[in-house]
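Read through the structure below, which is laid out as structure tokens, and then see the notes.
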Amino acid sequence: MRRRCNDERGITMVLVAIATTGLVALAGLAIDGGRVYGERREMQNAADTAAMAGTRQLDRYLTGASADARLILTAAQDAAEKNGADRASVTCQLVRFDRSVIEPCPTVASLSAGTKAVAAGVLVTTQSTQDTFFMRAVGNTSFTARGDATAQIGRPGGKYIAPFLVCATAPGHVPPILVPDAAGPEGLSVNPAAIGSTYDLYGNEIKQDGKDCGNDSASFRGNVCADQNKCDAPTYSIPGEWDADTGNENGPTLRLVNSGSPCDPTYTVGCVLVLPLCPRGNGQTGAGFAMFCSDLGLFQVTKVDNHDIDGQFLGRATINYGGIIGPADLNGARIVALTD
């Protein structure tokens, strides 16, 4: 009888050990599995932010704002590491507009002419390896979470709103912001000589010297019509016709600035606005006056008075809004967005 009792105790201990192992494994699946899911989401977020950061630097390089192509890789690695990825395991590759891979992100200052001509975005992969806790009981000592994302530069879709209209071909604006160019959007492109010059964004002087695009609209002071109760649409397209507001109130600022310092309704000196560049008016006056706008530009506010706001033209706007509807036009508004 004693031997049988000992045998039963031994069997019970084995069953308890097996059950305990099973419970530990289930706990491991629940706890470590949740950590795996959370880490994978973190790595995807890291990949998303890294792809955007790298592509913004690519755009700066392609448009001449940066002369160092190595910043593309550095920006991607910095963003990925900041979001929890292992810096050494981050991969960064340049892609065409169709998202096919060209080559790794550069480790030298210049891209070849061939690569520069077709580069349209950045593909980033991230990963992070973490130790397990409970799953060690069944032999799994670590897990690796990964993420990948592609961001690209393209021609933006969607609609926009801004506080001011800029007559970019006005005789009173010297030099003019837009000049004839058969290869540019609507036959125009940004005048390189205009970058760094200061222009009237809002005020009584806009209606003088042809700055209202030749419409002789004595009540136009540079405002966009952004009041839904007065205007046909609260947002507008580029290219497209934008209604002008003949009053003194200003519309909301364009919340699409991904560089510089965005403005609030007080238009603090030094803040940066994204504004439509408009080559011509519609030929009407008064409440019927509107402008045709073909591009977007960046302006840094340099003067703020009660009825006088000036801004320095910084160049074409690179915006982060809406969707990409085609390859980027070097002479047009450009968007940096996640596409995969």
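The values are calculated or read from the model by the stated rules, or taken from the named source; none is laboratory data. Source: prediction; values computed, not measured. As a convention, Cβ positions derive from the backbone with ideal geometry for all residues, glycine included, and neighbour counts pool all protein chains shown.
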Meets criteria (free of Cβ contacts under 8 Å to residues at least 40 places away in the same chain, within 18 Å of Ser261 (Cα to Cα) and not polar (S, T, N, Q)) for Val304:
yes
Working only within region 300-340, note down all residues that are surrounded by fewer than 17 Cβ atoms within 10 Å (Cβ to Cβ), charged (D, E, K, R) and within 30 Å of Thr266 (Cβ to Cβ).
Lys303, Asp305, Asp308
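Can you find a residue that is farther than 21 Å from Leu273 by Cβ and either part of a loop (DSSP other than H, G, I, E, B) or modelled with pLDDT of 80 or more (or both) anywhere in region 196-209? Break it down into steps so the answer makes sense when it comes.
Of all residues in region 196-209, those farther than 21 Å from Leu273 by Cβ come to 208-209.
In the following step, the residues that additionally are either part of a loop (DSSP other than H, G, I, E, B) or modelled with pLDDT of 80 or more (or both) were identified as 208-209.
Scanning region 196-209, I find at least one residue that is farther than 21 Å from Leu273 by Cβ and either part of a loop (DSSP other than H, G, I, E, B) or modelled with pLDDT of 80 or more (or both), so the answer is yes.
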What are the residue pairs meeting all of these: first residue in region 256-274, first residue more than 18 Å from Arg60 (Cβ to Cβ) and surrounded by 15 or more Cβ atoms within 10 Å (Cβ to Cβ), second residue at pLDDT below 75 and of a type in the set (A, V, I, L, M), Cβ atoms under 7 Å, and 6 or more apart or on different chains?
Leu273/Leu254
Find all pairs meeting these conditions: Cβ atoms under 6 angstrom apart; at least six residues apart or on different chains; first residue within region 119-131 and closer than 13 Å to Ile102 by Cα; second residue β-branched (Val, Ile, Thr) and not in a strand (DSSP E or B).
Gly121/Thr55; Val122/Thr55
Can you tell me how many residues within region 281-340 are assigned by TED's automatic domain parsing to the domain that holds Ala193, hydroxyl-bearing (Ser, Thr, Tyr), touching a Ser or Thr at 6+ places or on another chain (Cβ under 7 Å) and assigned to a loop (DSSP other than H, G, I, E, B)?
1
Among (1) farther than 22 Å from Gly326 by Cα; (2) free of Cβ contacts under 8 Å to residues at least 40 places away in the same chain; (3) assigned to a helix (DSSP H, G or I), where does Gln57 come up short?
(1)
Taking region 19-72 and keeping residues modelled with pLDDT of 90 or more and either among the aromatic types (Phe, Trp, Tyr) or within 20 Å of Thr144 (Cβ to Cβ) (or both) leaves Gln44, Asn45, Ala46, Ala47, Asp48, Thr49, Ala50, Ala51, Tyr61
Quick check, is Leu123 surrounded by 18 or more Cβ atoms within 10 Å (Cβ to Cβ), in contact with a Pro (Cβ under 8 Å, 6 or more places away or on another chain) and modelled with pLDDT of 95 or more?
no
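Which one of Ala151, Ala194, Ala183, Ala162 is touching a residue at least 24 places away in the same chain (Cβ under 8 Å), among the hydrophobic types (A, V, I, L, M, F, W, C) and touching a helix residue (DSSP H, G or I) at 6+ places or on another chain (Cβ under 6 Å)? Give the derivation first.
Working: Ala194 fails: touching a helix residue (DSSP H, G or I) at 6+ places or on another chain (Cβ under 6 Å); Ala183 fails: touching a helix residue (DSSP H, G or I) at 6+ places or on another chain (Cβ under 6 Å); Ala162 fails: touching a helix residue (DSSP H, G or I) at 6+ places or on another chain (Cβ under 6 Å).
Being touching a residue at least 24 places away in the same chain (Cβ under 8 Å), among the hydrophobic types (A, V, I, L, M, F, W, C) and touching a helix residue (DSSP H, G or I) at 6+ places or on another chain (Cβ under 6 Å) holds for just one of Ala151, Ala194, Ala183, Ala162, which is Ala151.
Residue-by-condition table, conditions (1) surrounded by fewer than 20 Cβ atoms within 10 Å (Cβ to Cβ); (2) at pLDDT below 95; (3) over 30 Å from Thr246 (Cα atoms); (4) in contact with a Cys (Cβ under 7 Å, 6 or more places away or on another chain):
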site: Asp86; (1), (2), (3), (4): yes, yes, yes, no
site: Val108; (1), (2), (3), (4): yes, no, yes, no
site: Arg136; (1), (2), (3), (4): yes, yes, yes, no
site: Ser142; (1), (2), (3), (4): yes, yes, yes, no
site: Gly147; (1), (2), (3), (4): no, yes, yes, no
site: Lys159; (1), (2), (3), (4): yes, yes, no, no
site: Cys167; (1), (2), (3), (4): no, yes, no, yes
